[in-house]
Amino acid sequence: MNNPINKLVLISSLSVLLTACGGSDKMTDVAKDVASKGAEKVTEVAEAAGASTEVAAKAGEMATKAVDHVSGAIDKKAAVDEAKKITKAFGGALKSELKAAMKAGGPINALDICNTRANPIAAEKAKEFNAIISRVSLKNRSPINIPNEWQKAVLEDFDARAAKGEDVKKMGFSEIVEHNGKKQLRFMKALPVGEVCTKCHGTNIDAKVQAKISELYPDDKATGYTVGQVRGAVVILKDLN
Ligand code: HEC
């Protein structure tokens, strides 16, 4: 279909999206409101333009669908922005404790931080942001961090993308699913292996560090990594209103 009504729907949808992308929450609400009013208007305009009642109704229906689609995209963008913020807050808190521990007593000392602080910090941030936060890996160190089915699929996709040369730092995944009758955002951000990570996840780990890792994690799979690979991912789950 390539009629003026379609174009009208497309233009109004795009303008909503553009307004929302650059705007505040309030602007987003206003944009959605204008768009849904616009959808009602499409039926009227179509009838006035001489379309049959049936065609006019169809145009209105299409407009509503387009508006729903755009509203969904706006909601998703806001949720993803929030998830990125949560990931940053969690990663930042964990990294600063890790760095301080490394400085104070090297990797052996820092191992204790990863061992005892990673999950409490995740829990703290989860409470603060009303979300579920975890870390997962295809080669997990802690048995708590085994990915579930969908997380495994995303991690495999990250690996495939990294193998093709995509920048791991920028890799992410997001989708909105129905969960317990609510919409839920599933968000994952890839964690690249940096130089410092290789001290505890690399190919040439100090014997004392390795001994302690083996003691704390008898089923450890998280060694043998080189810089630039995907070590794992942060997972954020957030119910949407
Ligand atoms: C001082 C040693 C040490 C360093 C350095 C370190 N890690 Fe870890 N890492 C650990 C330990 C110990 C765990 C298990 C934590 C737990 O018990 O929850 C872990 C777990 C993880 C996990 C969760 C999945 C799993 O395998 O259990 C990810 C992801 C991870 N590390 C990524 C990184 C990245 C990325 C870096 C570099 C920025 C890094 N680590 C640096 C010791 C370290």
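The values are calculated or read from the model by the stated rules, or taken from the named source; none is laboratory data. Predicted, not measured: the structure shown is a model, and the values here were computed from it. Cβ atoms come from the backbone with ideal geometry, glycine included; neighbour counts cover every protein chain shown. Protein only, heavy atoms only, side chains kept; ligands, DNA and RNA dropped before computing areas. Shrake-Rupley method; radii C 1.70, N 1.55, O 1.52, S 1.80 Å.
Considering region 125-156, the residues that are away from the ligand (no atom under 16 Å from the Cβ) and surrounded by 11 or more Cβ atoms within 10 Å (Cβ to Cβ) include one that is farthest from I86 (Cα to Cα), namely A153.
Between I86, I121, the distinction of being touching a Phe, Trp or Tyr at 6+ places or on another chain (Cβ under 6 Å) and assigned by TED's automatic domain parsing to the domain that holds K189 belongs to I86 only.
Going by the structure shown, is G232 at pLDDT 95 or above and surrounded by 14 or more Cβ atoms within 10 Å (Cβ to Cβ)? So G232 passes the test.
Quick check on region 87-112: of everything there that is over 18 Å from the mean Cα position of the chain (by Cα) and within 24 Å of L155 (Cβ to Cβ), which residue is farthest from the ligand (Cβ to nearest atom)? Can you show your working first?
Applying the first criterion (over 18 Å from the mean Cα position of the chain (by Cα)) to region 87-112 yields 93-112.
With the extra rule that they be within 24 Å of L155 (Cβ to Cβ), the set shrinks to 93-95, 98, 111.
On the way: A93: 13, L94: 9, K95: 7, L98: 6, L111: 5 Å.
Restricting to residues being over 18 Å from the mean Cα position of the chain (by Cα) and within 24 Å of L155 (Cβ to Cβ), the top hit is A93.
Going by the structure shown, is D159 in contact (Cβ under 8 Å) with a residue 40 or more places away in the chain, open to solvent by less than 80 Å² (accessible area, probe 1.4 Å) and of a type in the set (D, E, K, R)?
Values: in contact (Cβ under 8 Å) with a residue 40 or more places away in the chain: yes; open to solvent by less than 80 Å² (accessible area, probe 1.4 Å): yes; of a type in the set (D, E, K, R): yes.
Criteria met by D159.
Any chance region 80-97 includes a residue that's open to solvent by 40 Å² or more (accessible area, probe 1.4 Å), out of contact with any Lys or Arg (no Cβ under 8 Å at 6 or more places or on another chain) and of a type in the set (A, V, I, L, M)? No, the conditions are met nowhere in region 80-97.
Any idea which of K221, K164 is more than 16 Å from the chain's Cα centre (by Cα), within 9 Å of the ligand (Cβ to nearest atom) and open to solvent by 50 Å² or more (accessible area, probe 1.4 Å)?
Values: K164 fails: within 9 Å of the ligand (Cβ to nearest atom).
Only one candidate qualifies: K221.
Only residues that are within 9 Å of the ligand (Cβ to nearest atom), under 27 Å from E156 (Cα atoms) and not in a loop (DSSP other than H, G, I, E, B) were counted in region 175-215, giving 7.
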